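Contents: one structure, followed by commentary.
The values are calculated or read from the model by the stated rules, or taken from the named source; none is laboratory data. Everything numeric in this text was worked out from a predicted model, so none of it was measured. Counting neighbours? That spans all protein chains shown, and the Cβs are built from the backbone with ideal geometry, glycine included. For the accessible areas, the whole protein counts, side chains as well, though only heavy atoms, and no ligand, DNA or RNA atoms are used. Shrake-Rupley method; radii C 1.70, N 1.55, O 1.52, S 1.80 Å.
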Amino acid sequence: MSLSLAQPAMPHAVRLPGWVLALPIALLTLIPVAAVIGVALSPQPDVWDHLIRHVLPRVTINTALLMLLVGLGVLLVGVPLAWLTALCEFPGQRFFAWALMLPLAFPAYVLAFVQMGLFEFAGPVQSWLRAWFGSSAWFPEIRGSRWGTVMVLTMAFYPYVYLLARNAFVTQGRRALEAARTLGHSAPQAFWRVSIPMARPWIAGGLMLTLMETLADFGAVAVFNYDTFTTALYKAWFDLHSLDAAAQLASLVVVLVLVLVAAEQRSRRGRSYQVSTSHSPPVVLRGWRRWAALAACALVFIASFVVPIVQLALWSLTTWREELDPRFWGFVRNTVLLSLGTAAIATALALALAWLRRRHSDQATAWTIRLAIIGYAVPGAVLAVGVFIPIAWLDNLLIGWLRPLGFEGFQLLKGSVAVMLLALSARFLAVAYQAGDSAMQRISPRQEEAARLLGLTTWPLLRRLFLPLMRGGLLTAFLMVMVDVMKEMPITLMTRSFGWDTLAVRIFQLTAESMWENAAVPALAIVAVGLLPVILIINQTGRS
């Protein structure tokens, strides 16, 4: 005899639909997005005229080319490396299988200023070239260059494609490849005609995530002085002091995000793929191929992880006494406060959404939850503008009410830690939800039925069954959100009050003045903490 998982209705009690309960959480993201779209629907002619004449042509071309080239770059780097480490055997294969994920610990803006410090005119690379070949030695300009920005973002984002594609290749097994070989296809032909088509959903997912991250990136493009929508949005707000212009640009970014999300969803529609559990022996590379595979993996690993970490360590050795002053520990305090607060809020909200998803299986609830976690796809700069608009309106309303009582201030909510916590929670709620929902789905209906037979009702059931069994998943969600917030730059930079700086904001301030060596100490602190979720991913991948 099995019991229904639906909760018994109390006499005269009204059970609210799941979407109604999830809607307040979804409003964290929907209100900022709606505020941006609302400003776009009532444009000011002079603002649009300025944007169309002087801003949009340049940033549209720059952003489109950057997304195209970075997308190609991560495919060319991530997919072959994933195939090599998943299905081939060569010297160092086991090491590189997990080591190639380590660049995930680096925020893109850290890789950007390291590369800028290495390759700028006064950097060691150009200095070495002039020492060997004379003052006439030529090196392409890196500041403001598209190639430098593409190189950095490719190194920062290829692990997304690598991780998902490798999982696809591992789960394919070798039977399909062996069948292709028996039909007369060579190994390269089998790779292109069998492995790639079967892994397409995973590769497409990693590519879409890369394109969203490229569109949302602010720190790296700011270091390279390469104008995209995010830097134009920042300049419109803080340099031109035009919130309307920033909102108009933000609305265009929202449209691009929606297009990318729709494309990602469409790429999965109507496809069914089988997962192989066979463990066939790997392809043993011989001769020059095994050394070519080793060289390819080593080159990417050294360029994306070893060189940056060594350069940061060398710079830190020369500046740590100067940087580790009382102000630095203030930056650490603010960063920890913001990270822990956001992680706690996002994890609690994610638990509520996962619980609602388990109790309500209707489409309305499912779509409301999807809207609640769409904030991760929205660039931080856009969320910052979208949050500021309603907060500024509410601030003015509250001040108007309090002024007759003698209040003489000019702001109550703007620049407060509470506003930053709300904006960051909306941005990273998806991260916590994925981990929390996965943990909840592992609890079988039979365990819940047994608990109900023992007389546990809703809240005791959640407290005594679900929370203990979900402890690991919730801890993972908490850590991942905490680390993401520590690395996050645009929301904190654009919504904080003056002087309330974090480690990421400190890096932005130092790199804006080309003080690469001084930025190394806070960057190393962020990278060290950023290794935590990467280690979790590596452990989970190894167990899989």
Query raised in the report: Going through region 485-544 one residue at a time, which ones are of a type in the set (Phe, Trp, Tyr) and farther than 27 Å from residue 413 by Cβ?
Result: 516
Report task. Among the residues of region 82-128, count how many are out of contact with any Ser or Thr (no Cβ under 6 Å at 6 or more places or on another chain), open to solvent by less than 40 Å² (accessible area, probe 1.4 Å) and hydrophobic (A, V, I, L, M, F, W, C). Result -> 20
Requested in this report: Quick one: residue 369 ticks every box in (1) within 24 Å of residue 466 (Cα to Cα); (2) under 17 Å from the mean Cα position of the chain (by Cα); (3) open to solvent by less than 20 Å² (accessible area, probe 1.4 Å); (4) not small (Gly, Ala, Ser) except a single one, so which number is it?
Outcome: (2)
Report summary line: Within region 189-236, restricting to residues that are modelled with pLDDT of 85 or more and part of a loop (DSSP other than H, G, I, E, B), the one that is most open to solvent (accessible area, probe 1.4 Å) is 225
Query raised in the report: Taking residue 165, is it more than 22 Å from residue 309 (Cβ to Cβ) and open to solvent by less than 20 Å² (accessible area, probe 1.4 Å)?
Result: yes
Requested in this report: Among residues belonging to region 478-508 that are closer than 20 Å to residue 113 by Cβ and hydroxyl-bearing (Ser, Thr, Tyr), point out the one that is surrounded by the most Cβ atoms within 10 Å (Cβ to Cβ).
Outcome: 502
Query raised in the report: Which of the residues spanning region 318-349 are more than 29 Å from residue 467 (Cα to Cα), of a type in the set (Val, Ile, Thr) and open to solvent by less than 20 Å² (accessible area, probe 1.4 Å)?
Result: 319
Report task. Please identify the pairs in which a residue from region 244-256 that is more than 11 Å from residue 229 (Cβ to Cβ) has its Cβ atom under 7 Å from the Cβ atom of a residue that is surrounded by 23 or more Cβ atoms within 10 Å (Cβ to Cβ) and of a type in the set (Gly, Ala, Ser), counting only partners at least 6 apart or on another chain. Result -> 245/236
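Yes/no per residue for (1) modelled with pLDDT under 85; (2) among the β-branched types (Val, Ile, Thr); (3) over 19 Å from residue 243 (Cβ atoms):
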residue: 372; (1), (2), (3): no, no, yes
residue: 379; (1), (2), (3): no, no, no
residue: 385; (1), (2), (3): no, yes, no
residue: 391; (1), (2), (3): no, yes, no
residue: 407; (1), (2), (3): yes, no, yes
residue: 417; (1), (2), (3): no, yes, yes
residue: 422; (1), (2), (3): no, no, no
residue: 428; (1), (2), (3): no, no, yes
Requested in this report: Starting from region 278-292, keep only residues that are more than 15 Å from residue 84 (Cβ to Cβ), then list their pairs with residues that are assigned to a loop (DSSP other than H, G, I, E, B) and modelled with pLDDT under 70 whose Cβ atoms are within a distance under 7 Å, requiring at least 6 positions of separation or different chains.
Outcome: 278/173; 280/173; 280/174
Query raised in the report: What do you reckon, is residue 484 under 26 Å from residue 377 (Cα atoms) and over 17 Å from the mean Cα position of the chain (by Cα)?
Result: no
Query raised in the report: Within region 391-410, is there a residue that is open to solvent by 10 Å² or more (accessible area, probe 1.4 Å), part of a helix (DSSP H, G or I) and within 29 Å of residue 260 (Cβ to Cβ)?
Result: yes
Report task. Please verify whether region 169-187 includes one or more residues that are crowded, with 22+ Cβ neighbours inside 10 Å and either modelled with pLDDT of 85 or more or over 19 Å from residue 84 (Cα atoms) (or both). Result -> no
Query - Test: residue in region 430-450 that is of a type in the set (Val, Ile, Thr) and either modelled with pLDDT of 75 or more or touching a Gly at 6+ places or on another chain (Cβ under 9 Å) (or both) - result: yes
Report summary line: By my count, helices (runs of 4 or more DSSP H) wholly in region 50-129 with at least 3 residues that are under 20 Å from the mean Cα position of the chain (by Cα) are 56-87, 108-119
Query raised in the report: Which residues, taken from region 298-307, are over 24 Å from the mean Cα position of the chain (by Cα) and either charged (D, E, K, R) or crowded, with 16+ Cβ neighbours inside 10 Å (or both)?
Result: 298
